[in-house]
1. Please report the carbon-and-sulfur percent of the accessible area for the stretch 1-105; probe 1.4 Å, protein heavy atoms only, DNA, RNA and ligands left out.
2. Could you tell me the calculated FRET efficiency between Arg66 and His31, based on Cβ-Cβ distance and R0 = 25 angstrom, to the nearest 0.05?
3. Given points 7 Å out from each Cα along the Cα-Cβ axis, report the Ile108 to Leu82 separation in nanometres with one decimal.
4. What shape does the stretch 1-121 take by its C-alpha gyration tensor, where a ≥ b ≥ c are the square roots of the eigenvalues and a/c under 1.5 counts as rounded, a/b above b/c as prolate, and the rest as oblate?
5. Report the FRET efficiency, 1/(1 + (r/R0)^6), for Lys119 and Ala40, where r is their Cβ-Cβ distance and R0 is 30 Å, rounded to 0.05.
6. With a 10 Å radius around each residue's Cβ, average the other Cβ atoms per peptide and rank 23-31, 60-68, 78-86, highest first.
7. Between Thr49 and His6, what is the spin-label point distance in nm, taking each point 7 Å from the Cα along the Cα→C-beta axis?
Amino acid sequence: MTWFVHSNHWLSLVINSSSHLIYFGDSFGRHEAPDLIHHAVEWWLALHTSVLFEWQPLACTRQQDRYSCGILAINAIAHHFLPESYPLLSSTCDALDGAQMQIGVAVIDTHLHTLSQLKSGEIFLPQPPSHAADFDNFDDFDDTNNSDNDSITGETISESLQKSIHKAAPAAPKNSQPVSDQKSPKKRLFVILHANV
């Protein structure tokens, strides 16, 4: 998991329950977790097991700038689990820029894949509870004088949202269950857990 600390820095943490190890990585080169993280993780583990865990350093590229900690935190976790597929990044600008672009492409690809499944009816969005806001009615959201209109289509944000929702999410038939993603040969799930400290 990644931890966001001091409103400006990402750290890496891997908890291995079978070997009873906690791996901590910091692209600033610190080998020990800050006390707040250390205490929070040990408190949480104590709620779930009586086994004591040992802390170990997590291999992580040392950052040479002030902004690449996020990509390096993700890379450290990926490298821990799949070192052959995800070698530690070089701290050069080209390597970091390339990694950021790869993650951006993966996010966009996943989004487009999900939208295509919604459009084809393979998956359904859960229906909001009856007390939830009416997402089909954007009348209370007045953005007609907003300068954030789409520069290509000229539509307001609410018009664009309304079209996207109606096109992308067909209503689920009554009494239907969500359909599993069995048609997709390859599932990709990228989850980053983070906690604000």
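1. That fraction is 58 percent.
2. 0.75
3. Result for the modelled spin labels: 2.1 nm.
4. Oblate is the answer for the stretch 1-121, as a/c is 1.5 or above yet b/c matches or exceeds a/b.
5. That gives a FRET efficiency of 0.10.
6. Put in order of decreasing packing, that is 23-31, 60-68, 78-86.
7. Result for the modelled spin labels: 3.1 nm.
The values are calculated or read from the model by the stated rules, or taken from the named source; none is laboratory data. The shown structure was predicted, so the numbers you read here are calculated from the model rather than taken from an experiment. So basically every Cβ, Gly included, is an ideal-geometry build from the backbone, and we count neighbours across all protein chains shown. Quick note on the areas: whole protein, heavy atoms, side chains included, nothing else; ligands and nucleic acids left out. Shrake-Rupley method; radii C 1.70, N 1.55, O 1.52, S 1.80 Å.
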